[in-house]
Amino acid sequence: MYHNQVVLITGANRGIGLATSKKFLEEGYTVVLTSRDAVKGRQVVESLGMYSNLYFFQLDISDDQSVETCIDSVIQNLGRIDILINNAGVHYDPWQNPLNVDMNQVLDALNVNSLGAWRMSNATIPIMKRQHFGRIINVSSSIGSLTSISADTPAYSLSKAALNIVTIKLSKALEHTPICINALCPGWVQTDMGGNHAPKSPLEAAEDIYWLTQQDHLNGKFVRNQNIIPF
């Protein structure tokens, strides 16, 4: 069955983003696959040529102009954005500690992992309001949870904690609207970032993301393995 809904996924040329793209394609959604690297993004789209409901747009979520250009192009070509999956992320840094952290990496992690999702959300929310429907999923991490935070991965965990706060603030601003925004921890997943020894496959993470987009009653929540967890 085909939907008329459009799903935009950031950082979708590999890992969880690519698996999520495939999941929504299989469910009949129109998928906008985006990546910062245009060559890699187009190669992935070519490899998925069996899907007529797949589109590619280059996108750097750390750049305001790139976000604006991408969103404008999607609207010009497809007319709508119903679901936004803020998946792109950088700088998982287990080799660092807070006492000697590279502040440039911290700033870059914040700009991509936190502000990038915020940019994308603010660019799509007016579209969703006009449509009277919208779902936003921020792919976060439990290492950014204030209830379990440690000294490890300082740049990454700080950026994910900030992303969780962005999720809460936007959900409060969107109360009494038909738009829901939630954060999701995919767990330890077999990706370039997670490594081959991770217990969870990208497909399993994609299933969790898809499930959360179907939950109309959840807004401003943090979810892992389809259960609500503390921020």
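Here, each number is a calculation from the coordinates, and none is a lab measurement. Predicted model, so just to flag it, every value in this text is computed and none were measured. For neighbour counting, all protein chains shown are included, and Cβ atoms are generated from backbone atoms with ideal geometry for every residue, glycine included.
Quick one: order HIS3, HIS91 by neighbouring beta-carbon count within 10 Å, fewest to most.
Lowest to highest Cβ neighbour count: HIS3, HIS91.
Using the Karplus curve 6.51 cos²θ - 1.76 cosθ + 1.60 with θ = phi - 60°, what ³J(HN,Hα) values do you get for each residue of region 86-96, in whole Hz, with x for Gly and Pro?
7, 9, 4, x, 9, 6, 6, 10, x, 7, 9
For the chain, give the magnitude of the charge dipole about the Cα centre (Cβ charges: +1 Lys/Arg, -1 Asp/Glu; no others), in debye to the nearest 20.
Value, rounded to 20: 420 debye.
Could you line up SER21, SER150, SER66, SER159 from fewest to most neighbouring Cβ atoms inside 10 Å?
With the fewest neighbours first, SER21, SER150, SER66, SER159 line up as SER150, SER66, SER21, SER159.
How many angstrom lie between the Cα centre of region 1-74 and the Cα centre of region 177-200?
17
Could you work out the helix-only [θ] at 222 nm for the chain, with each DSSP H run of four or more residues adding -39,500 (n - 2.57) and the total divided by the number of residues, to the nearest 500 deg cm²/dmol?
Counting only the DSSP helices, I get -13000 deg cm²/dmol.
Take the chain, connect every pair of alpha-carbon atoms lying under 10 Å apart with a spring to form a Gaussian network, then pick out the residue of ILE85, ILE165, ILE136 with the largest mean-square fluctuation.
For the chain, modelled as a Gaussian network with Cα springs under 10 Å, the answer is ILE165.
Quote the relative contact order of the chain in percent (integer), defining contacts as alpha-carbon pairs under 8 Å separated by 6+ residues.
Reported relative contact order: 19 percent.
Out of these labelled values of Cα Rg over 2.2 N^0.38 Å, (i) 0.95; (ii) 1.09; (iii) 1.04, which was calculated from the coordinates shown here?
After the calculation, the listed value that fits is (i).
Taking a cut-off of 26 Å between Cα atoms, list the lysines near LYS40, but don't count ones fewer than 8 places away on the same chain.
Within the straight-line limit of under 26 Å, LYS40 reaches these lysines: LYS22, LYS23, LYS160, LYS200.
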